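The values are calculated or read from the model by the stated rules, or taken from the named source; none is laboratory data. Nothing here was measured: the structure is a model prediction, and the numbers come from that model. Backbone-built Cβ (ideal geometry, glycine too); neighbour counts: all protein chains shown.
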């Protein structure tokens, strides 16, 4: 594996880094934000700046108007974008849109791409992905899906309740996962202004970095034409993996930028702040935390790049993406937690960006599957592999 960057990718990294520093970070204190994320007006301004810098939606295909980045290239650019909590919104690589764009490119028909995907790639529209449900419905276990889709002539009628739907408020379209009468799952596309879609409320959450926050959606006899089925009937769970395996990794990429920002802030503070006759950085306890930060950042980056390289080789990488999700979410969380400790009182106030990063990042260990579910899934696969090797040895 050769992880050296081409001159073109190094130039793109520097261009992205400069854009975030000069065009995005100055807007972090803009009043057009709430506990439910950046407003649509702020989003459009950020998108406009990224478009002018030729950095908008870099992960989309060139055919759709993106830069067609490889997974390794995404790892580089997404980390730089993630250095600001507004960066992913500016580049149009935030969740859930980034994962939805990838899924639509893989599965949607040409007509569906023109109707929903192309406007999204240009930053005109947003989307949401409706799979998670309150108990007893689907959460970490998607097989518990309770939302139903029943055939009615040339249409399907969808009924059910979804929650923690990121970006629901203000989204232009939704991808809905529903259970069919035979127990299989199917994905459906629908404009959010259609009769039968009700945004019951926006949920209060620790994070505030996602445009549209997290909503509770109810579907009351939502009528979806058969032409708006995404992919094939009954393959919803399979398509969920098409979307989730890369999406777990792009979460890791973006949050790595935030963790690096927290570390940089803590290091700068430790160099300038004095206590007991010397700079904080000269105290062994603080120095050790900074060293541990560097090791965790490096470990996370290696896991991201290794999994990205495998994806670029055409591997499915479900096991590797689970491993990267756990390693990165926990390593990056430790970096931010140590940074708060180093900053002391400054770390728990809005005087530095670290408090905001801390509250945003805590949910990362839960998003796209909590660490415990990924560990459980990995353990099952490890046992299966061991049994397979043992059987082959005795064959």
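Got a sec? Which of 352, 371, 321, 377 is touching a residue at least 12 places away in the same chain (Cβ under 8 Å), crowded, with 18+ Cβ neighbours inside 10 Å and more than 30 Å from residue 279 (Cα to Cα)? It would help to see each step written out before you state the result.
Details: 352 fails: more than 30 Å from residue 279 (Cα to Cα); 371 fails: crowded, with 18+ Cβ neighbours inside 10 Å; 377 fails: crowded, with 18+ Cβ neighbours inside 10 Å.
Being touching a residue at least 12 places away in the same chain (Cβ under 8 Å), crowded, with 18+ Cβ neighbours inside 10 Å and more than 30 Å from residue 279 (Cα to Cα) holds for just one of 352, 371, 321, 377, which is 321.
Looking only at segment 297-326, which residues are assigned to a loop (DSSP other than H, G, I, E, B) and in contact with a helix residue (DSSP H, G or I) (Cβ under 6 Å, 6 or more places away or on another chain)?
Taking segment 297-326 and keeping what is assigned to a loop (DSSP other than H, G, I, E, B), we get 313-317.
Passing the criteria: only 317.
Would you call residue 71 surrounded by 14 or more Cβ atoms within 10 Å (Cβ to Cβ) and over 26 Å from residue 265 (Cβ atoms)?
yes
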| message | Looking at the structure I just gave you, is residue 201 closer than 20 Å to residue 40 by Cβ, modelled with pLDDT of 95 or more and either not assigned by TED's automatic domain parsing to the domain that holds residue 87 or not in a strand (DSSP E or B) (or both)? | response | yes
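Which residues, counting only those in segment 68-92, are in a loop (DSSP other than H, G, I, E, B) and in contact (Cβ under 8 Å) with a residue 24 or more places away in the chain? Lay out the reasoning, then the answer.
Taking segment 68-92 as the starting set, the residues that turn out to be in a loop (DSSP other than H, G, I, E, B) are 68-70, 82-86, 92.
Result: 70, 82, 83, 84, 85, 86, 92.
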| said: Residues to consider are 63, 79; find the one that is at pLDDT 95 or above, over 24 Å from residue 113 (Cα atoms) and not assigned by TED's automatic domain parsing to the domain that holds residue 213. | reply: 79
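Residue under question is residue 101, and the condition is that it be within 14 Å of the chain's Cα centre (by Cα), in a loop (DSSP other than H, G, I, E, B) and either crowded, with 19+ Cβ neighbours inside 10 Å or free of Cβ contacts under 8 Å to residues at least 12 places away in the same chain (or both); does it hold? Working first, answer last.
On the way: within 14 Å of the chain's Cα centre (by Cα): yes; in a loop (DSSP other than H, G, I, E, B): no; either crowded, with 19+ Cβ neighbours inside 10 Å or free of Cβ contacts under 8 Å to residues at least 12 places away in the same chain (or both): yes.
Judged against the criteria, residue 101 is not a match.
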| query | Are any residues in segment 206-233 more than 21 Å from residue 46 (Cβ to Cβ), in contact with a strand residue (DSSP E or B) (Cβ under 7 Å, 6 or more places away or on another chain), in a loop (DSSP other than H, G, I, E, B) and in contact (Cβ under 8 Å) with a residue 60 or more places away in the chain, and if so, which ones? | reply | 231
| message | Testing residue 111 on (1) part of a helix (DSSP H, G or I); (2) touching a helix residue (DSSP H, G or I) at 6+ places or on another chain (Cβ under 7 Å); (3) closer than 22 Å to residue 233 by Cβ, one condition comes back false. Which one is that? | response | (2)
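Could you list all residues from segment 138-154 that are in contact with a strand residue (DSSP E or B) (Cβ under 7 Å, 6 or more places away or on another chain) and part of a loop (DSSP other than H, G, I, E, B)? Even if it seems obvious, please write down each step before you answer.
Filtering segment 138-154 for residues in contact with a strand residue (DSSP E or B) (Cβ under 7 Å, 6 or more places away or on another chain) gives 145-150, 154.
145, 146, 147, 154, listed by residue number.
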